[in-house]
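All remarks here apply to the structure that follows.
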Amino acid sequence: MKVLFLKGDYREKIWGGDKLKNIFKLDVSDGKVGEYWGVSGMPGESSVITNGELKGKTLREIYRDKKDLFGNPKEEEFPLLVKLIDAGDDLSIQVHPDDEMAARLHGAKGKTECWYILNEDPASIIYGLNVDSKKEAIKLIDERKWDELLKEVSTKLGDFFFVRSGTVHAIKKGSLILEIQQASDITYRLYDYDRKDDEGKLRDLHLEESKEAIKIIENEDKIVNEEKDGYDQRILTSNEYFQVREMTIKTSAKLERDKLYLLEFVVEGQGEVLVDGKTYPLKRGDFFIITNEAKSYEFKGQMTLVESNPVD
């Protein structure tokens, strides 16, 4: 199998919206859908293959049983999670642990992630802090001076943010985001605007864990623009966990696979991907994997894709 198309799972959230159904035409409910896990090997929430001889199998199963499709990687578990997030309301202020803290407290991996902005209308995010030291941050947290502490940044379509573990962050109302992250679901809630649930209770916070996890991190975004034959490319991040590229196909682009395997998402437009004489149609909202069996591939059409891969 050289190309695997995926059907993901979705999560309804109190802060969710309807954009994932209306814009990307994903098979989700009519309720407030906050997340769609497009590429996932997580236990109980794995994506399902929708084409070829592996149709109906989960990504978790085939990553375990057919490691050759992924270049026989060292990782026992599928290392990345790619999801869409639709914020119909503000999400809580959060921070994620690094690998050391997550292993010590949870026996799991930490959570470094990144955001590719999809919303066409203006929105904003919380991205980092207005202080220079962790001591200052904890003082403002204890004094509940959130406006003074939190750094709010406006966003637009195509913006990119690398969110290393330890970075205080939040997705705000109106945001539509493609998130690529370590395959971890550990989140510490630092602040939730004193919102109450349906029973009138304040949502649980993780203040002590958050304070321990917080790091003061300088912006690591160093986007590189490249003009290639048939397409434009932006290298969005290349870190120790994953690499991410935006590719804007003009008419056609022939490429060689130089990673173990590639995770793809069609941001907009339509076209097709050709692998060894076989053509697969592509449309906005498609998630698929180009496996280790495909030595080269060609995109045709007019479309923008975000391509990512784990760092082995």
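Computed values, structure above
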{"read-out": "Residue list for the range 193-219, restricted to those being within 21 Å of Gly166 (Cα to Cα) and in contact (Cβ under 8 Å) with a residue 60 or more places away in the chain", "value": "Tyr193, Leu207, Glu209, Ser210, Lys211, Glu212, Ala213, Ile214, Lys215, Ile216, Ile217, Asn219"}
{"read-out": "Residue in the range 182-192 that is most open to solvent (accessible area, probe 1.4 Å), counting only those that are in contact with a Lys or Arg (Cβ under 6 Å, 6 or more places away or on another chain) and not polar (S, T, N, Q)", "value": "Ile186"}
{"read-out": "Test result for Trp37, open to solvent by less than 60 Å² (accessible area, probe 1.4 Å) and over 12 Å from Phe287 (Cα atoms)", "value": "no"}
{"read-out": "Strands (runs of 3 or more DSSP E) within the range 193-312 that include 1 or more residues modelled with pLDDT of 95 or more, touching a Lys or Arg at 6+ places or on another chain (Cβ under 7 Å) and surrounded by fewer than 20 Cβ atoms within 10 Å (Cβ to Cβ)", "value": "224-228, 231-238, 242-249, 252-256, 262-275, 296-310"}
{"read-out": "Residues that are in a loop (DSSP other than H, G, I, E, B) and touching a helix residue (DSSP H, G or I) at 6+ places or on another chain (Cβ under 6 Å), drawn from the range 73-89", "value": "Phe78"}
{"read-out": "Conditions (1) buried (at least 22 other Cβ atoms within 10 Å of the Cβ); (2) in contact with a Lys or Arg (Cβ under 6 Å, 6 or more places away or on another chain): number failed by Ser124", "value": "(1)"}
{"read-out": "Residue match in the range 122-139 (condition: touching a helix residue (DSSP H, G or I) at 6+ places or on another chain (Cβ under 7 Å), part of a loop (DSSP other than H, G, I, E, B) and not polar (S, T, N, Q))", "value": "yes"}
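Results for (1) without any contact (Cβ under 8 Å) to a residue 24 or more places away in the chain; (2) of a type in the set (Lys, Arg); (3) part of a loop (DSSP other than H, G, I, E, B); (4) crowded, with 20+ Cβ neighbours inside 10 Å, shown as yes or no for each residue.
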| position | (1), (2), (3), (4) |
| --- | --- |
| Leu91 | no, no, yes, yes |
| Gln94 | no, no, no, yes |
| Ala102 | no, no, no, yes |
| Cys114 | no, no, no, yes |
| Asn119 | no, no, yes, no |
| Ile141 | no, no, no, yes |
| Gly158 | no, no, yes, no |
| Phe161 | no, no, no, yes |
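The values are calculated or read from the model by the stated rules, or taken from the named source; none is laboratory data. Note that this is a predicted model, so its numbers are computed, not measured. No Cβ is skipped: glycine too gets one built from the backbone with ideal geometry, and neighbour counts run over all protein chains shown. For accessibility, only protein heavy atoms count, side chains too; no ligands or nucleic acids. Shrake-Rupley method; radii C 1.70, N 1.55, O 1.52, S 1.80 Å.
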